[in-house]
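Read through the structure below, which is laid out as structure tokens, and then see the notes.
Derivation of every value follows stated rules applied to the coordinates shown; laboratory data play no part. Just so it is clear, the structure is predicted and the values come from calculations on it, not from any experiment. Glycine gets a Cβ as well: all are built from the backbone with ideal geometry, and neighbour counts include every protein chain shown.
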Amino acid sequence: MGAVKSKDTKMEISFRKELWKNGLRYRKNSLKHFGKPDVVFKKYKIVIFLDSCFWHGCKKHGTIPATRRDFWIKKIVRNKERDKEVNQHYKKIGWKVFRFWEHDIEKNLENSINKVVCFFNERDLLDSKIDPRKCAKRHVVAIIENNGEYYFGSDWCRNPQKKCPRLPGEDYLKCKTVCKQDGHAELDVIKNAEGNTKGGVMYLIGHDHCCEPCLAAIKKAGIETVIFNRHPKGPIN
């Protein structure tokens with residue numbers, strides 16, 4: 001097991017690259033913070049841990065080596081206890097902790113990234129009145145809630161304007177050409193939900209309406225309700 005990397009694994013590198021693409025800047029593998037988080041946003045009091053299925057005892061994919069079995073059982077049990085201690089430490093000092101399993105990142109990296117993006121957007125939008133005639137502050141976030149599961153999507157204006165360049169009734173061409181809008185949050189979250197959309201509720205934060213193509217996609221996906229500029233309680237609080 002000596003060849004197993006403790007940092008800068010493929011999982012960690014891919015996760016950090018996506019954070020960077022979404023405009024989020026961070027410190028990595030910080031020895032100054034308890035538990036040595038994989039990602040730290042010191043200014044915002046946020047830490048992220050990316051948990052290997054083997055080292056952290058995943059119930060779905062965790063395995064115990066056949067050799068030195070007692071040693072590995074004790075080692076992994078202690079790792080799980082340590083995870084709880086770390087979580088309690090940050091909760092006590094008022095920091096937000098994100099933990100993502102290796103299998104979740106491998107299956108749907110985008111959904112994990114969008115969960116972090118959503119948290120940042122919530123903190124930005126709670127302190128300011130949303131003006132639908134202005135471009136989104138940083139991102140537009142979409143969340144689907146269905147049968148106790150949550151899925152996340154986002155889009156990002158890479159060149160946001162102080163005032164929306166579209167005139168009333170104009171199409172969305174200027175969103176792409178002027179603001180450099182990167183996709184549609186509604187379509188992104190429907191894709192990430194992987195078919196688990198029928199009867200669900202979509203929350204759209206950072207916008208007050210959906211364009212015609214997105215409305216058609218929402219209807220096709222069987223989503224019953226769209227709620228604007230309000231967060232569900234479950235996934236990010």
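If you average 1/r over all unlike Cα pairs in the stretch 1-93 and invert the result, what Kirkwood radius do you get in angstrom? With all distinct Cα pairs of the stretch 1-93 included, I get 14.8 Å. Cβ-to-Cβ counts within 10 Å put His209, His184, His56 in ascending order as His209, His56, His184, the fewest first. Structural descriptor for the chain: relative contact order 14 percent, calculated from alpha carbon pairs under 8 angstrom and at least 6 residues apart. In summary, the lysines within cross-link reach of Lys36, defined as a Cα separation below 16 angstrom excluding same-chain residues under 8 places away, comprise Lys5, Lys7, Lys28, Lys45, Lys80, Lys84, Lys91, Lys96. Taking every DSSP beta bridge that has both ends in the chain, the antiparallel portion is near 65%.
At 1.002 mPa s and 20 °C, plugging the Kirkwood radius over alpha-carbon pairs of the stretch 129-228 into Stokes-Einstein gives what diffusion coefficient in µm²/s? This corresponds to a translational diffusion coefficient of 155 µm²/s.
Taking a straight Cα-Cα cut-off under 22 Å and skipping sequence neighbours fewer than 8 places away in the same chain, the lysines within cross-link reach of Lys176 are Lys21, Lys134, Lys137, Lys162, Lys163, Lys191.
Work out the FRET efficiency for Arg78 and Lys21 from their Cβ-Cβ distance, taking R0 = 35 Å, and round it to the nearest 0.05. In this case the efficiency is close to 0.50. Between Phe34 and Glu149, the simple label model (points 7 Å from Cα in the Cβ direction) yields a spacing of 3.5 nm.
Longest span of the chain, sites excluded, free of GluC sites (Glu not before Pro) in DSSP loop with at most 16 other C-beta atoms within 10 Å? Counting only loop sites that pass the neighbour cut-off, the longest clear stretch is 1-169.
Taking amide H positions as modeled 1.01 Å from N, with prolines and chain starts lacking one, the residues under 5 Å from Asn229 and 5 or more places away or on another chain are Leu204, Ile205, Gly206, His207.
Using 10 Å bins from zero, what percent of all Cα-Cα pairs in the chain falls into each bin? The calculated distribution, bin by bin, is 7, 28, 32, 21, 9, 3, 1.
Within a straight-line Cα-Cα reach of under 18 Å, Lys75 can be paired with the following aspartates and glutamates, leaving aside sequence neighbours fewer than 8 residues apart in one chain: Asp51, Asp83, Glu85.
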